[in-house]
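Peer 1: I have a structure I would like to understand better, so I am pasting it below and will then ask my questions one at a time.
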Amino acid sequence: MASQQLLRERGRKGKGVALSEADTTLVEEEDDHTVSGASRRQSSLERKLNSDKASAAIVGVLTALAFITRFYKINNPDQVVFDEVHFGKFAAHYIQREYYFDVHPPFAKLLFGLAGWFVGFDGHFQFENIGDSYTDAHVPYVGMRALPAILGSLTVPVVYAIMKESGYSTVVSAFSAILILLDNAHVAQSRLILLDATLIFFMSLTIYSYIRFRKYRFIEFSQEWWGWLIATGVFMACTWASKVNGILTVVCIGIAVLADLWDLLDYRKSSMERFWNHFLARAVGLILVPLVVYLTFFWIHFAVLTNSGPGDTFMSPAFQETLRGNELLLNSQEIRYYDTVTIKHKNTKVFLHSHWERYPLKYEDGRISSQGQQVTGYGHPDSNNNWQIIPTKALPETGRARVVRHDDVIQLLHVNTQSYLLTHDVASPLMPTNQEFTTWPKDDHSRYNDTLFQLHLVDAHDGEAWKSKSGHFRLVHVPTKVSMWTYQNQLPDWAFKQQEVNGNKNAAEKTATWYVDEIVDSEADPSLPDRTGEVAVKEPKKLNFFKKFGELQILMLQHNAGLTASHPYASSPINWPFLLSGISFWTNADEQKQIYLIGNLIGWWTCVTAIAVFIGIIGADLLARRRNIEPIPDPVRNRLWNNTGFFVLVWAVHYFPFFLMSRQLFIHHYLPSHLASALVAGSVLHYILSDDTINYPISVRSATMKPKRPLYADLGMRGPVTVIAFAFALFCLYVYMAPLTYGTPGLDGHQVNARRLLSTWTLHFAAKPTDGA
Amino acid sequence: MEHVPPAIYTLLSCWTRFHKIGKAPYVIWDEAHFGKFGSHYLKREFYFDVHPPLGKMLVGLAGLLSGYDGSFEFKSGEQYPETVPYVAMRVLMAMFGVVMVPLGWYTAVELGMSQWACHLVAIMVLCGKSPSQSPVYVAWLCISRFILLDSMLLAFTFSTVFGLSKFHNQQYQSFSFDWWLWLAFTGVSIGCVASVKWIGLFVMALVGLYTIEDLWEKFGDVKMSVQDQLRHWGARVLCLIVLPALVYMASFKIHFLVLNHSGPGDSQMSSLFQANLVGNDFAKNPLDIAYGSKLTLKNMGWGGGLLHSHVQTYPVGSNQQQVTCYHYKDENNDWIIMPRWDEPDYDPNGELRFLKDGDVIRLQHASTTRNLHSHSIPAPVTKLNNEVSCYGNATIGDYHDYWEVEVVDDIKRGRKEKFVTIHSLTTRLRFRHQDSGCYLRAANAILPQWGFKQVEVSCDKENNPKDIHTYWNVESHWNDRLPPGDAKFYRSPFFRDFIHLNVAMWTSNNALIPDPDKEDILASKPTDWPWLRLGLRMCGWGDQQTKYYLLGTPVIWWGGTTSLIVFLVTLGVYLLRQQRKYVDMEPREWDHFLYVGKIAFIGWFLHYFPFMIMGRVTYVHHYLPTLYFSVLLFAHLLDHFIFSSRRFTDRTKWIAFGVVAFLIVGNFWWFRGLAFGIDGPIHEHWGLQWRKTWNIYNQL
């Protein structure tokens, strides 16, 4: 659809008027260069190829092929593949309207929800494990997979259009498009319920719109100028809202805009008034509009997800109470002194537990314990989880003063053993740096001070009442200031492999958060409302949208940074451009089928070579200029810097930040960069084949400007021949690797070995290497 | 006359550094650490440490000059006996602190700062970092850490910047004697700073960037002859690359020459190196390896360790017993050569059977009796390789325990065709897992905390015959039935030992990553530093105790950090104004503003930013070199805005100078108690809590 629109645009403007230096404005005077050797005429072949008809035909063929490659056997496998586990499930949550939590913004997932709803998915299937069958569960998964497949297919004409708009000839534009079209990684990634196809599609649209916008720079503030500016903003917001790493596209456009503004600030070019107008226009188009769009997606997200779901527990109590059917909303109760309660750790979901058994005198590593009664974390309901809250101040007989409040100092009495919770300066069993938790008999007052704990409710105001479920708290020991804490580490057999509870010296430790799960028993107080028995259904509370958004956004960032667990297929960014590792998405042992995410080796290596060549050309040019030699004619050089340079910027901005991230990284994080590198490859190919000829001018001229004599790029026969030969090689490798991309047909061990082009690829079902190999 | 102020400042710094230097007759702070290394040099015993040797050799030298014999153990907190001339040693070490002050002064002069700014730099260096730099004030301490080396690191960082600024001022007298002198001085300083700690490489990066810019300018000078171009390039390569490398290597050469006795660091080095140390008995090992021999296996890769196993199991993969590479001597490194399961059991009284190329054996771990085992489960870190574990016991096992011995060659006897039996130390072996065809390999990949940060051992499925990380040799060898050997060994070449030790240092350094399960109250995050977010209690906080608190001088830290921001803003404003064609400065002034700003700001950035992305544990003293650059920038900005400005009269400048100097000195005096020790209950001292995050007072 997008492509046809582009073609119509082009058709209207006519030949030779289009196409741009993307990044920085050229000083208008400089445009008038005469170039030795630059052709002012085109060969007939070139003219034919660059006619609108030929261009339309080629883009049509490429788009058709894109749809074929993306939709071929899209129903295979009829099982949950890789991260469909997550994103399919999220779509189901939208349909069920159950609240969930994820690190990525909601736009792409909303689209999946919409697609699922459209094809009649009822949201009951839970996408539990990779390999679960869709057919058995009657899930209309093909419809859901069609969405990324459509977007992934449309990316191909958009890439073509970007190149075409940048002033490259049809064959070179087709070359870049083919690099994406016949790339196994792009294909594999867009045939499944994954976010990347959406991300890449909108990212390429952002680049396209920005280039269109730049081409209207000579008729600033015109309708088209505004149109493409706002389009850039909107697409940018969609990119960002598809996946967190879409933020890199925003950064990238931001850098380009700053360079542009810096240029406009030049006193020779504009008055301050003109500069401020430009500045404000960009602030509106590229900050305000995207922000509104981005927030809108979240607004829809919250508007759809109104019921309680698996994401509840990530959120703050105030947030949770806005969800229908949430446990907090239904069961949160004020806690009073002498209530007997069970206490649960927020992160690991274990109950605070104690039993008659004692710590062994001597641990394996030779350290000595207090031999006190064990205090542990236990995952299951048990009467040993019951603790009674004992006041440390005088209480009235009845009334509101019996409610436990923020900052109160309390004692916790373990009901079954009638002993108080205590901690002291003895090392805990597993962590010598942390304090041991134990208990002390109720009747023995000798260590009264060590049994005092202060209750710190999280984010509470003075005098706030402690509530069950919603009142998250830290329990800080009064004499030693340690926080009661637990973590996923089991004690040895002497504590029945229960979880260790100890005192963390960082009293403000975030993971030392607990809450009261249930009020087990309480003394009746006629003056206060009864808390037991059935509660009436409560209406969800309201919370300001911006508060909800702010909370969710911060949690998303925190969790994203926290995804550091190792994953067998995670890889470090340095491997990506060279395609050193892939990801096993899915396997089927019976038929020896597998889906392995790996790119087209020829294509990827071409792209990375192109970047190296570009850096080489630019470096050589800089060195030569330093010595007053100018090997590259100015128009070609401007195109190289401003247009190819912009593509390289897109590549670099989408790639290098990953080196600074400590979260787990996968090769599909490189796909946006790979797209940018395909653009670079096209323009480098143009540079190599064109004998310093370019299409010029390509920006739209204002009526008052003196018309320029046009220049034309001419690749001659070399262009089509090179691109066809290359496309053929790419196609052969693509087809050869296709069984790994489409997950069918199955391969025997030797076939798998033959497809393991690099020794670092970890394919399944490989035959054992023969001896002496 | 021009040398009078620096002389006075030097005397002052002598006073602050030497004042009460002998007050605490205990081993304090990191004296425990580096005193011990110094002793090793005096006793000439080989030790291992993650830092290059120059700093510790200087400690040893200080000990030698003061007449210390190296016999003291330097246990933290212990009282010095009569025999240890600790005061003399401390004075010698504190010299590095003293020398920073004149260096700071002259650097400021060379950077073209006004007299006022030079005074401020000297005062700031004098007052800035007293607590942590002069360990003596800090008194006895519960914990020992690395700070002593930092005063040397700082001194050499200062001298590098000084050399650079001197060299810069010679730029119009290329190839003159002074030009060569200061270029070479810079090079030697870089060599020294890098030989104290690898952090010194950051200042090398600063010099490198300066040089690249300089050469880029020269490259654009088309009038310069090609010959001169080449001479400029050659001079830089010689003085800034070759010379530092020589200094760095020389420090290692001396290190090896001095430490020629066997000591605690032996096992970090190759077997051959160890065999040449005095006191080593490898030469007495029986020569030929036989079935039933107990032996240790050394990996021959750079930085390789001994094949090791211990009762702890893998928490991932097979959950069987861990196999690692370990760099210390321990009986868990011992393995016994056993016949296969399908062969008759090893008979201790039967005929001796020597090991030869192609034999398929079982390697039994001596202390747990489990067998070296591998299977097609991915290794924990190098996931492409198979896991290696210990499995079964003396009677239980399977064919996964079989390893085929492949002889590569013998260092002494040459190609493998020339001999039959396998010798300890010299024969290079590979172990091939018979079932899966993979090779036993250890390549400096560090296991997580559950593996005690030891080196991972895996089984490499790719047969790469040139990969020395798959080469092993027998190190220790015990067999009562064989006669003791009497071998003479080649000395291992210096270059090999040099690379080997550097790789080993790198590997251990990488293992110093923060342990999430362990709380280290000394560690802090880089983001805590610029604004002095945290201070540190260095001893008990009782009312009767003298209390010491580690804290910088706030005015200097905050002033330095503020100047970084001010500099960026100023630079931005100037550039914007230039873009709008406002002329604020003459080109010469602008160049000077940029030059000093670049040295200071880029220097700060290079010394700060890497810590943000480094995975290892960071301490506040890592910020000290960084602080120096922010001090320079602070003075530079004051100079730019006030002292060198034409808008102000001398009177105004005097007042401004007086205010800033008073603030710094007053601030230092205000907090002097923290460094000199606070007596009596802390609540009687008022006004020390300038930030909420400092824990000077007890909070209830």
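FYI, it's all coordinate maths here, none of it is from the lab. Everything quoted here is computed from the prediction, not taken from an experiment. For neighbour counting, all protein chains shown are included, and Cβ atoms are generated from backbone atoms with ideal geometry for every residue, glycine included.
Peer 1: Would you tell me the mean number of C-beta atoms belonging to other protein chains that fall within 10 Å of each C-beta in A:254-266, as a whole number?
Peer 2: On the way: counts 0, 0, 0, 0, 0, 0, 0, 0, 3, 1, 1, 5, 4.
That average works out to 1.
Peer 1: Continuing with this model, one more query. Would you compute the Debye intensity of segment A:687-747 from its alpha-carbon atoms alone, equal scatterers and no solvent, and pass along log10 I(q)/I(0) at q = 0.19, 0.24, 0.26 Å⁻¹ to two decimals?
Peer 2: Computed log10 I(q)/I(0) values: -0.81, -0.97, -1.03.
Peer 1: While we're on this one: Average projected area of the Cα convex hull of segment A:93-231, in nm²? It would help to have the intermediate numbers written out before the result.
Peer 2: Details: hull surface 43.0 nm².
The number I arrive at for segment A:93-231 is 10.8 nm².
Peer 1: Given the C-alpha centroids of segment B:307-377 and segment B:637-700, what is the distance between them in whole angstrom?
Peer 2: 65 Å
Peer 1: Now, a different point. According to the Kirkwood expression over distinct Cα-Cα pairs, how big is the hydrodynamic radius of segment B:282-489, in Å? Walk me through the numbers before you get to the answer.
Peer 2: Working: mean 1/r = 0.0590 Å⁻¹.
Every distinct Cα pair counted, the radius reaches 16.9 Å.
Peer 1: May I ask you to derive the relative contact order of segment B:282-489, considering only C-alpha pairs under 8 Å and at least 6 residues apart, and to give it as an integer percent?
Peer 2: Details: 521 pairs, mean separation 59.8, N = 208.
Dividing the mean separation by the residue count of segment B:282-489 yields 29 percent.
Peer 1: Relative contact order of chain A: what whole-number percent is it, with Cα pairs under 8 angstrom and at least 6 residues apart? All intermediate terms of the calculation are to be shown ahead of the outcome.
Peer 2: Working: 1398 pairs, mean separation 134.4, N = 773.
Contact order relative to length: 17 percent.
Peer 1: Would you mind ranking B:VAL503, B:VAL555 by Cβ crowding within 10 Å, fewest neighbours first?
Peer 2: Details: B:VAL503 16, B:VAL555 22.
Fewest-to-most Cβ neighbours within 10 Å comes out as B:VAL503, B:VAL555.
Peer 1: Same structure, new question: Which order do peptides A:140-149, A:322-331, B:644-653 fall in by mean Cβ count within 10 Å, highest first?
Peer 2: On the way: A:140-149: 22.1, A:322-331: 19.4, B:644-653: 11.2.
So the order, starting with the most tightly packed, is A:140-149, A:322-331, B:644-653.
Peer 1: Could you order the peptides B:110-122, B:428-440, B:575-587 from most to least packed, using the average number of other C-beta atoms within 10 Å per residue?
Peer 2: Numbers: B:110-122: 22.7, B:428-440: 20.8, B:575-587: 11.7.
Result, highest mean Cβ count within 10 Å first: B:110-122, B:428-440, B:575-587.
Peer 1: Please compute, for peptide B:218-226, the average count of beta-carbon atoms on other protein chains lying within 10 Å of each residue's beta-carbon. Intermediate results must be reported in sequence, preceding the final value.
Peer 2: Working: counts 1, 4, 5, 2, 4, 0, 0, 0, 0.
Per residue, the number of nearby Cβ atoms from other chains is 2 on average.
Peer 1: Please label the shape of segment B:209-314 as rounded, prolate or oblate, based on the square roots a ≥ b ≥ c of the eigenvalues of the alpha-carbon gyration tensor (a/c under 1.5 means rounded; beyond that, a/b larger than b/c means prolate, else oblate). Provide the component values of the computation, followed by the final result.
Peer 2: On the way: a/c = 4.11, a/b = 2.83, b/c = 1.45.
Here segment B:209-314 falls in the prolate category.
Peer 1: As a check on your grasp of the helix formula, calculate [θ] at 222 nm for chain B: sum -39500 (n - 2.57) over DSSP H runs of n ≥ 4, divide by the residue count, round to the nearest 500. List each step's numbers first, then the result.
Peer 2: On the way: 19 runs with 292 residues, N = 700.
Here the helix-only value at 222 nm equals -13500 deg cm²/dmol.
Peer 1: For chain A, find the longest principal axis of its Cα atoms and tell me its angle to the long axis of helix A:141-165, 0 to 90°, nearest 10.
Peer 2: 40 degrees
Peer 1: Counting each DSSP H run of 4 or more residues in chain A as -39500 (n - 2.57), what helix-only mean residue ellipticity at 222 nm follows after dividing by all residues, to the nearest 500 deg cm²/dmol?
Peer 2: Details: 24 runs with 321 residues, N = 773.
Mean residue ellipticity at 222 nm (helix-derived): -13500 deg cm²/dmol.
Peer 1: Ordered by packing density, taken as the mean number of other Cβ atoms within 10 Å over each peptide's residues, highest first, how do A:220-227, A:469-476 rank?
Peer 2: Details: A:220-227: 14.4, A:469-476: 21.8.
Packing proxy ranking, top to bottom: A:469-476, A:220-227.
Peer 1: Which three semi-axes in whole Å describe the equivalent ellipsoid of segment A:194-244, each the square root of 5 times a Cα gyration tensor eigenvalue, listed largest first?
Peer 2: Values: eigenvalues 121, 16, 6 Å².
Three semi-axes, in Å: 25, 9, 6.
Peer 1: Another question, then. Report the per residue volume, in Å³, of the convex hull enclosing the C-alpha atoms of chain B. It would help to have the intermediate numbers written out before the result.
Peer 2: Numbers: hull volume 149.3 nm³, N = 700.
In chain B, the Cα convex hull volume per residue is 213 Å³.
Peer 1: May I pose another question? For A:PHE656 paired with B:GLU684, estimate the spin-label separation in nm (one decimal), with each label point 7 Å from Cα along the Cα-to-Cβ line.
Peer 2: Simple spin-label model gives 5.9 nm for this pair.
Peer 1: Relative contact order (percent) for chain B, with alpha-carbon contacts under 8 angstrom and 6 or more residues of separation?
Peer 2: 14 percent
Peer 1: At 7 Å along Cα-to-Cβ for each site, give me the label-to-label distance between B:LEU246 and B:ASN260 in nm.
Peer 2: About 2.4 nm, to one decimal.
Peer 1: Let me know the mean shielding of B:380-387 by other chains, meaning the per-residue number of their Cβ atoms within 10 Å of its Cβ. Spell out each step's value before the answer.
Peer 2: On the way: counts 1, 1, 0, 7, 6, 0, 0, 0.
Mean shielding count: 2.
Peer 1: Could you please tell me the mean projected area of the C-alpha convex hull for chain A, averaged over all directions and given in square nanometres to one decimal?
Peer 2: On the way: hull surface 171.5 nm².
Spelled out: convex hull of the Cα atoms, projected over all directions, averaged, 42.9 nm².
Peer 1: Mind pulling up the Rg/Rh value for segment A:53-104? Radius of gyration and Kirkwood radius, both on Cα.
Peer 2: Working: Rg = 17.6 Å, Rh = 14.2 Å.
Here Rg/Rh amounts to 1.24.
Peer 1: Could you work out the Kirkwood radius for the protein assembly as shown, taking every pair of different alpha carbons, averaging 1/r and inverting it, reported in Å? Write down the numbers at each step before the final one.
Peer 2: Values: mean 1/r = 0.0267 Å⁻¹.
Roughly 37.4 Å, rounded to one decimal.
Peer 1: Just name one of A:VAL482, B:GLY451, A:VAL156: the one whose Cα is farthest towards the positive end of the charge dipole of the protein assembly as shown (beta-carbon charges, Lys/Arg +1, Asp/Glu -1).
Peer 2: My answer, from the dipole projection, is A:VAL156.
Peer 1: How many angstrom lie between the C-alpha centres of segment B:76-109 and segment A:71-121?
Peer 2: Each part reduced to its Cα centre gives a spacing of 67 Å.
Peer 1: Further, regarding this structure: When the Kirkwood hydrodynamic radius is evaluated over all pairs of different C-alpha atoms of segment A:405-493, what value in angstrom, to one decimal, is obtained?
Peer 2: The Cα-based Kirkwood calculation yields 14.3 Å.
Peer 1: Round to the nearest 0.05 the FRET efficiency obtained for B:ILE396 and B:ARG44 when R0 = 56 Å and r is the Cβ-Cβ distance.
Peer 2: Numbers: r = 48 Å, r/R0 = 0.86.
The formula returns an efficiency of 0.70 here.
Peer 1: Using 1/(1 + (r/R0)^6) with R0 = 51 angstrom and r between the beta carbons of A:ASP493 and A:PHE546, what's the FRET efficiency to the nearest 0.05? Mind dumping the intermediate values first?
Peer 2: On the way: r = 52 Å, r/R0 = 1.02.
Working from the Cβ atoms, E equals 0.45.
Peer 1: Cross-chain or 8 or more residues apart, Cα under 26 Å: how many lysine pairs in segment B:322-479 fit that? Count them up, please.
Peer 2: 15
Peer 1: Whole-Å semi-axes of segment B:589-700's equivalent ellipsoid, largest first, each the root of 5 times a Cα gyration tensor eigenvalue?
Peer 2: Values: eigenvalues 215, 125, 18 Å².
Here the semi-axes work out to 33, 25, 9 Å.
Peer 1: In nanometres, what is the gap between the two model label sites at B:TYR328 and A:VAL735, each 7 Å from Cα along Cα-to-Cβ?
Peer 2: Between B:TYR328 and A:VAL735, the label points sit 6.3 nm apart.
Peer 1: How long is segment A:337-524 along each principal axis, judged by its Cα atoms, biggest number first, in Å?
Peer 2: Cα spread of segment A:337-524 along its principal axes, largest to smallest: 52, 34, 31 Å.
Peer 1: Related question: Set the Förster distance to 41 Å, then compute FRET efficiency between A:GLU539 and A:PHE578 from the Cβ-Cβ distance, nearest 0.05. Kindly include the intermediate steps, with their values, before the conclusion.
Peer 2: On the way: r = 58 Å, r/R0 = 1.40.
That pair, A:GLU539 with A:PHE578, gives E of 0.10.
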